[in-house]
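I have placed the structure first, in the form of structure tokens, so that the comments after it can refer back to it.
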């Protein structure tokens, strides 16, 4: 199983004729069994195709050509036009939108997220690389070219959520090297306002039978860690969580931005020290180093199962070979 996407997920690419989108489309088509990209949208470019994907002027034309609802959209249009593109997708019944574009005005993002909530849709991003279900499908640029993504990701029991797109792959690669695969990895974006937070994705992982633990990459700034800690405590989560907190040095540099627009420390609650303490109070383990994460995850899964060795926890393909 997985969350958000699977082998049968259909999606479109808005802004498909842009250079980045052309490469992204190829990467998704090449990965796993090949993504079901049923169309692309660039106004004024109808009749063209990108790697065999037909291009249309509007999302409505994509839906009509497909002959039914389309599950998702990857949005790669310039920031000034992103809101209109997302609202167009929502108005045409798209329920999962991955926004790759960065530097979108906060007011626009707030309107998009509000509208998604009204229509029962979900936004991942903005300023994210997307979602990957190892060896099955990816939606977005996560992992890069298919060959590279295959080297970094493997099927397994660990859900990965990261504010940094690059660190989504870095952590997954570290897990894979230690014999731990991933159920689903999600790059949620590093902006101050995003469509889906750690806490908002937790119910999906909680309901996924394949997922046995969660790894998150986080940074100073914002309130997402408090929301996660509160959710885990209130719902008595079955999933052990291991977190890595980057940018601890920022505690001595209030007001400084670290990496992403959402990592501005505005008060004591935003500091790495306070966040680590809050996560620990909720039973979430915070790793000192990224390379420590696999062992912490293995022991946490083994402890939750109440029997067996941490060495028995691993990638699905490795367990199959062992049998």
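The values are calculated or read from the model by the stated rules, or taken from the named source; none is laboratory data. Given the structure is predicted, the values throughout are model-derived calculations rather than measurements. Counting neighbours? That spans all protein chains shown, and the Cβs are built from the backbone with ideal geometry, glycine included.
Of everything listed in (1) closer than 18 Å to residue 194 by Cβ; (2) surrounded by fewer than 17 Cβ atoms within 10 Å (Cβ to Cβ); (3) modelled with pLDDT under 90, the single unmet condition for residue 270 is (2).
Of the strands (runs of 3 or more DSSP E) contained entirely in the range 1-78, those carrying at least 3 residues that are over 30 Å from residue 183 (Cβ atoms) fall at 53-56. More than 12 Å from the chain's Cα centre (by Cα), assigned to a loop (DSSP other than H, G, I, E, B) and buried (at least 23 other Cβ atoms within 10 Å of the Cβ) - does that describe any residue in the range 125-134? Among the residues of the range 125-134, at least one is more than 12 Å from the chain's Cα centre (by Cα), assigned to a loop (DSSP other than H, G, I, E, B) and buried (at least 23 other Cβ atoms within 10 Å of the Cβ), which makes the answer yes.
With respect to being over 19 Å from residue 182 (Cβ atoms) and either at pLDDT 95 or above or in contact with a strand residue (DSSP E or B) (Cβ under 8 Å, 6 or more places away or on another chain) (or both), residue 139 falls outside the description.
The single residue among 242, 186, 215 that is in contact with a strand residue (DSSP E or B) (Cβ under 9 Å, 6 or more places away or on another chain), assigned to a strand (DSSP E or B) and farther than 19 Å from residue 296 by Cα turns out to be 186. The C-beta contact set for the range 15-36 (first residue free of Cβ contacts under 8 Å to residues at least 60 places away in the same chain and on the phi > 0 side of the Ramachandran plot, second residue crowded, with 23+ Cβ neighbours inside 10 Å and part of a loop (DSSP other than H, G, I, E, B), distance under 7 angstrom, 6+ apart or interchain) is empty. Which of the residues spanning the range 80-108 are more than 15 Å from residue 195 (Cβ to Cβ) and surrounded by 15 or more Cβ atoms within 10 Å (Cβ to Cβ)? Listed by number, the residues that qualify are 81, 88, 92, 93. For the range 149-166, the condition of being in a loop (DSSP other than H, G, I, E, B) and surrounded by fewer than 21 Cβ atoms within 10 Å (Cβ to Cβ) holds for none of the residues. Among the residues of the range 273-311, those identified as part of a helix (DSSP H, G or I), modelled with pLDDT under 85 and under 24 Å from residue 179 (Cβ atoms) are 305, 310, 311.
Does the range 221-239 hold any residues that are farther than 25 Å from residue 314 by Cα and in contact with a strand residue (DSSP E or B) (Cβ under 8 Å, 6 or more places away or on another chain), and which are they?
Here is the first cut: in the range 221-239, the residues farther than 25 Å from residue 314 by Cα are 221-231, 233-235.
Passing the criteria: 224, 225, 228.
Among the residues of the range 16-41, those identified as surrounded by fewer than 24 Cβ atoms within 10 Å (Cβ to Cβ) and out of contact with any strand residue (DSSP E or B) (no Cβ under 6 Å at 6 or more places or on another chain) are 17, 18, 19, 20, 23, 26, 27, 29, 30, 33, 34.
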